[in-house]
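**Q** Can you keep this structure in mind? I'll have questions shortly.
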Amino acid sequence: MAQLPPEVLSNFKTLVDVEMKRLDDQVRDGMNRAMAEAAQRGMLQSGPILSEIVDMAARSVPTRAQFALNQMSRCLDAHGVTLDQDTGASAIEVLRQYLLHQCGLLRQIAAAAGPFQASGWLAGATSILDGIDKQVDGEIQRLGGETRLLVAQAERLKASAAKPDSAQSFESIRERASLANRTPPIAPEHPKEVVTLKPGIWGMSIDLKEAWRRFAAWLKDRRRSR
């Protein structure tokens, strides 16, 4: 599996880190609002608030995954990296590692919330936090499929560029066939000479048939003109 150039990885990390920090802040703000509302209802230590906190973290995973895929594609294109089977496999692995890292961060954010820190809750809330893992696993599969589609598309375009244009090829073949089947033009028939030079006693000869044909044609035209 080909390794992606360092500049691609560096640019990718810089772009996604900035966006992920913004998403982390949004997730924390949403959790804080949910906990404030739950506290007003006296339900801060209930199971529903735990599930809501985890759902907020999990719902941000598709956004993180899509942003990462877009930035990976952008970085590869910017640095002129051809997308093929090897580079595609490397990109999939980078994206997978990135989402696994995000999974760990989201679990930490959720577990740091007040309800999870309450006595006796953290140990029994592992199965609830696993909802984040399931969301991440699904996005890893999706990004793998999306990347393989991009690879297939790039290879198809490359193969098409290596072939002559099918429409032009068809037209050129049809044109060659038309030229081959075209009837050659008929050369105009030159009038026969009445007097021709031929070897003989007199050095010339008269074509009496041609002379009579011309005389008859002249008479016919004269009669029509009257």
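**Q** How many Å³ per residue does the convex hull of the Cα positions in the stretch 1-160 occupy?
**A** Details: hull volume 16.6 nm³, N = 160.
Normalising the Cα hull of the stretch 1-160 by residue number yields 104 Å³.
**Q** What is the distance, in nm, between label points placed 7 Å from the Cα along the Cα-to-Cβ direction at residue 29 and at residue 217?
**A** The two pseudo-label positions are separated by 10.1 nm.
**Q** Also, quick follow-up: Ranking 24, 17, 77 by Cβ neighbours within 10 Å, fewest first, what do you get?
**A** Values: 24 18, 17 9, 77 12.
Ordered by Cβ neighbours within 10 Å, fewest first: 17, 77, 24.
Rule-based calculations on the coordinates, nothing more; no lab input. Since the model is a prediction, treat every value here as computed from it, not as a measurement. FYI the Cβ positions are ideal-geometry reconstructions off the backbone, even for glycines, and counts take in every protein chain you see.
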